[in-house]
Amino acid sequence: MRVLLGLVLLAAVAGALYIRLAPSDPARWHRMPDSFTPGDAPGQAMRRVEAGEDGLARLHRIVMDTPRTTVLAGSVADGMITYVTRSAVMGFPDYTTVRRTDGQIELYGRLRFGRSDLGVNAARLDRWLERFRQGG
């Protein structure tokens, strides 16, 4: 019984370490879907908002104020940025790609592990966009 418990504990620790330390490949995550339709789906959310000339730069500042968020790839100058935001306890990574296109900004948030994010990505995008609309 102790051996089984030890193996279960070891597997849990290994899983937690993998979640925190697994590399993020920009070639896989720094992209937008072929078909962009704003809305929510299991494990992902898409939003589109009108933006002025400095819209992407303004949104970038808002995103970078988010705890545990870093840039994976891209820049404001490139017109597309992918961010990684990690959960507080387990460090689960969520990826959000933001791009400027035709006077608008499109946001695509999705999880990496699991099937459901319990609405976390949609809520994060909505918080960012609320600050953006307020002039953040």
**OP:** Might you check whether a residue that is of a type in the set (K, R), in contact with a strand residue (DSSP E or B) (Cβ under 9 Å, 6 or more places away or on another chain), loosely packed, with under 14 Cβ neighbours inside 10 Å and on the phi < 0 side of the Ramachandran plot occurs anywhere in the range 127-136?
**Re:** yes
**OP:** Go through the range 73-109 and count every residue that is without any contact (Cβ under 8 Å) to a residue 12 or more places away in the chain and polar (S, T, N, Q).
**Re:** 1
Original post:
Do we have D34 as more than 23 Å from L17 (Cβ to Cβ), part of a loop (DSSP other than H, G, I, E, B) and acidic (D, E) here?
Top reply: yes
Subject >> Meets criteria (of a type in the set (D, E) and at pLDDT below 95) for D102 >> reply: yes
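A quick yes/no check of all residues on (1) among the hydroxyl-bearing types (S, T, Y); (2) under 30 Å from G15 (Cβ atoms):
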| residue | (1), (2) |
| --- | --- |
| D40 | no, yes |
| E53 | no, no |
| S75 | yes, no |
| I105 | no, no |
**OP:** Sort out for me the strands (runs of 3 or more DSSP E) sitting completely within the range 53-134 that have 1 or more residues that are over 22 Å from P42 (Cβ atoms) and among the aliphatic types (A, V, I, L, M).
**Re:** 69-75, 80-86, 104-111
Subject >> Search result, residues across the range 71-109 that are within 22 Å of E50 (Cβ to Cβ) and among the aliphatic types (A, V, I, L, M) >> reply: V76, A77, M80, I81, V98, I105, L107
**OP:** Out of A73, A51, A122, A45, report the one residue that is buried (at least 18 other Cβ atoms within 10 Å of the Cβ) and modelled with pLDDT under 95.
**Re:** A51
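The values are calculated or read from the model by the stated rules, or taken from the named source; none is laboratory data. None of the values given here were measured: they were computed from a predicted structure. Neighbour counts run over all protein chains shown; Cβ positions are idealised from the backbone, glycine included.
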